[in-house]
Structure formats: structure tokens, C-alpha cells
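The values are calculated or read from the model by the stated rules, or taken from the named source; none is laboratory data. Everything numeric here is computed off the predicted structure, so don't read it as measured data. Virtual Cβ from ideal backbone geometry, glycine too; neighbours counted across all protein chains shown. Side chains are part of the model used for accessible areas, which takes the heavy atoms of the whole protein and leaves out ligands, DNA and RNA. Shrake-Rupley method; radii C 1.70, N 1.55, O 1.52, S 1.80 Å.
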Amino acid sequence: MSEKTLFTRIIEREIPAQIIYEDEHCIAFNDINPQAPFHALVVPRKPLPKVGDASVDDAQLLGHLLLAAGTVARNAGFGHAFRLAVNNGAEAGQTVFHLHVHVLAGRAFGWPPG
Ligand code: 5GP
């Protein structure tokens, strides 16, 4: 059996995190190293390593993650303006290889992103 990912260990409460949302398919918790006044991660229970590893069978799950991200932002009072980010691969800044959507809010965001 492959090793559990860090985020699976958070989902299974082996590692503590500030969990702010949970449903059948995903969980959201505050990022340990926030890059904005509000910074949460929406993580599917299914440990897909990267969004690029998703298949057509995951289409509903991927949509669900975006809907959950919107709910998380709204629940935190940032429904009017938030930034979603998904890093795919180390060169794109991914450090944890369990798919996650960053939800950032509470400050202005530049474009293009860094
Ligand atoms: P990535 O760089 O893979 O897109 O994002 C990984 C994110 O996970 C980073 O923003 C990092 O701060 C966050 N992170 C890493 N380890 C932990 C942890 O143990 N707990 C929490 N809450 N966040 C973590």
C-alpha cells in the first residue's frame, strides 16, 4: 500500500488542522503558512496527486471542489472577492502531492500571478 499523503493524515485527524468545512467528498482547512488574511485549502478525500492526474471519471469531483471553494469563501465573509489557485507539479509551485484548491482572500491580488 502506498504511503498516506499529508492531507489524508489531516483528513483522518492524525495531524491537527483548523478544519473549516467538510462534506462527503472534500474537506477544507486553514493553510499553515497563509499567503493572505484568509487562506484555506480545499482537498478531496480521494488522494489524486495532481489535477493533471484527474480523469473524466473525476469530472464531478473537480466541479464539486470549485463549488466547495466558493462556499468556503462565502462562509468566511469573502464571497465577493477571492482567488482560487491550483498548483500542478513542482515547477508550478506544488509542494504537497494531494490535489488541493487554494482559496485566498482579504487582500488585493495582482495579475499575472507570481
Ligand atoms: P502547494 O505548494 O502544494 O500548492 O500547497 C501546499 C500548501 O499546504 C502550502 O500552502 C502549505 O503552506 C500548506 N501546508 C503544508 N503543510 C501543511 C500542514 O501540515 N498543515 C496545513 N494546514 N497546511 C499545510
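Using the 1.4 Å probe convention, the accessible area of the chain works out to 61 Å² per residue with neighbouring protein chains retained.
The trypsin sites (Lys or Arg not before Pro) of region 67-114 that meet both conditions, a loop assignment by DSSP and at most 16 other Cβ atoms within 10 Å of the site Cβ, are 107.
Comparing 64, 39, 102 in a Gaussian network model of the chain (Cα springs below 10 Å), the most mobile by mean-square fluctuation is 64. Near residue 105, once Lys and Arg are set to +1 and Asp and Glu to -1 for all other residues with Cβ below 15 Å from its Cβ, the sum equals +2. Subtracting the Cα-Cα distance of residue 19 and residue 57 from 0.36 nm times their residue separation leaves 11.0 nm of extension gain. The distance from the alpha carbon centre of region 15-42 to that of region 59-93 is 11 Å, rounded to a whole number. Any chance you could give the angle, 0 to 90 degrees and rounded to 10, that helix 59-75 forms with the longest Cα principal axis of the chain? Orientation of helix 59-75: about 40 degrees from the principal axis.
Taking label positions 7 Å along the Cα-Cβ direction at both residue 67 and residue 90, the computed distance is 3.6 nm, reported to one decimal.
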